[in-house]
1. Out of all the residues in segment 59-73, is one or more at pLDDT below 95, farther than 23 Å from Asp215 by Cα and small (Gly, Ala, Ser)?
2. Looking at (1) in contact (Cβ under 8 Å) with a residue 40 or more places away in the chain; (2) farther than 30 Å from Met207 by Cα, which one does Glu86 not meet, given that it meets all the others?
3. Does Glu125 satisfy the criteria of being surrounded by fewer than 17 Cβ atoms within 10 Å (Cβ to Cβ), under 26 Å from Thr255 (Cα atoms) and out of contact with any Cys (no Cβ under 7 Å at 6 or more places or on another chain)?
4. Are any of the residues in segment 258-269 modelled with pLDDT under 90, in contact with a Lys or Arg (Cβ under 8 Å, 6 or more places away or on another chain) and among the hydroxyl-bearing types (Ser, Thr, Tyr)?
5. Would you tally the residues in segment 92-115 being buried (at least 17 other Cβ atoms within 10 Å of the Cβ) and modelled with pLDDT of 90 or more?
6. Do we have any residue at all in segment 98-113 that's closer than 15 Å to Ile231 by Cα and among the acidic types (Asp, Glu)?
Amino acid sequence: MNNSKNKGLNIGIITLLLIMLCHSILGSISLRSFINLKALELIVAGVFLSIIISYSFETIAFTIHTINNSFNVEIDYESDIFSLYEFAIKVKKDGVLKIQSEILSHKNEFISNAMALVCDYEKPETIRDILEKDIESRRLKIFKAYNVLKMVSQVAPSFGLIGTLIGMVGLLSHMDNPKLIMANMSSALVSTLYGALIANFIAVPLMGRVKELIDKKTLQYKIITEGTILIAKNDSVRKVFDQMNVMLPDDLRLTYPGNFGERSYRENEIIL
């Protein structure tokens, strides 16, 4: 409920700011003055050509997928922490080999892989080393999307400048024709504007969203890693929960569900 309210509030604020921005720009200049298809074609074609030459189609598709996730996917830290909390209780009660079927069917792939390592390896240090390398690999994969957007933010203004230079060449080539002078002057100025808008109002904000997604996913993986290592060490269920919970920001921290554990597992003398 809170997430939907926040999303609605963000959309409202963004809409209001866009209206203010458009009003401030179009209040003094007509919309027709900003429309130049040749300048737009040059910049869009140049940007996409640079991306296609620099990156594989798989990386480009992954970038689109990552951008979509940055808007639509919420990291559910609470669900992850309680999943590991429940695994910790079951391992205390029945042993790690009894939860193999649940591990394989778990919806979170990283939790599934992490707990599978608990079943396969005895040394927590080995598990930590494997998971830390896995985290770095996943983080670098998402960073590919960030790098693609960074390239867009760099080349869009450059192609805008190229459009400006082409417009100036056209202007100087038709000094005897006032109509062509004005057309080329308009193309020259609008090209720079298009490049700046694409870089600063599309690429850079999307880079911020992708970077935020990287930070959230990295924190999620680190929390899962910490809980998994404590389970592998056969630590207390309370410590497993608290060590994961303390890694969350203050406003996201959870209340220890001790009553649930005590009601369900007191009979089995599980130490919480």
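1. Among the residues of segment 59-73, not one is at pLDDT below 95, farther than 23 Å from Asp215 by Cα and small (Gly, Ala, Ser), which makes the answer no.
2. Only one criterion in (1) in contact (Cβ under 8 Å) with a residue 40 or more places away in the chain; (2) farther than 30 Å from Met207 by Cα is unmet by Glu86, namely (1).
3. Values: surrounded by fewer than 17 Cβ atoms within 10 Å (Cβ to Cβ): yes; under 26 Å from Thr255 (Cα atoms): no; out of contact with any Cys (no Cβ under 7 Å at 6 or more places or on another chain): yes.
So Glu125 does not fit the description; no.
4. Yes, some residue in segment 258-269 is modelled with pLDDT under 90, in contact with a Lys or Arg (Cβ under 8 Å, 6 or more places away or on another chain) and among the hydroxyl-bearing types (Ser, Thr, Tyr).
5. The total comes to 4.
6. No, segment 98-113 contains no residue that is closer than 15 Å to Ile231 by Cα and among the acidic types (Asp, Glu).
Results for (1) in a helix (DSSP H, G or I); (2) within 30 Å of Leu197 (Cα to Cα), shown as yes or no for each residue.
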| residue | (1), (2) |
| --- | --- |
| Thr66 | yes, yes |
| Glu86 | yes, no |
| His106 | no, no |
| Lys141 | yes, yes |
| Gly163 | yes, yes |
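The values are calculated or read from the model by the stated rules, or taken from the named source; none is laboratory data. Keep in mind the model is a prediction, meaning the values are calculated, not measured. So basically every Cβ, Gly included, is an ideal-geometry build from the backbone, and we count neighbours across all protein chains shown.
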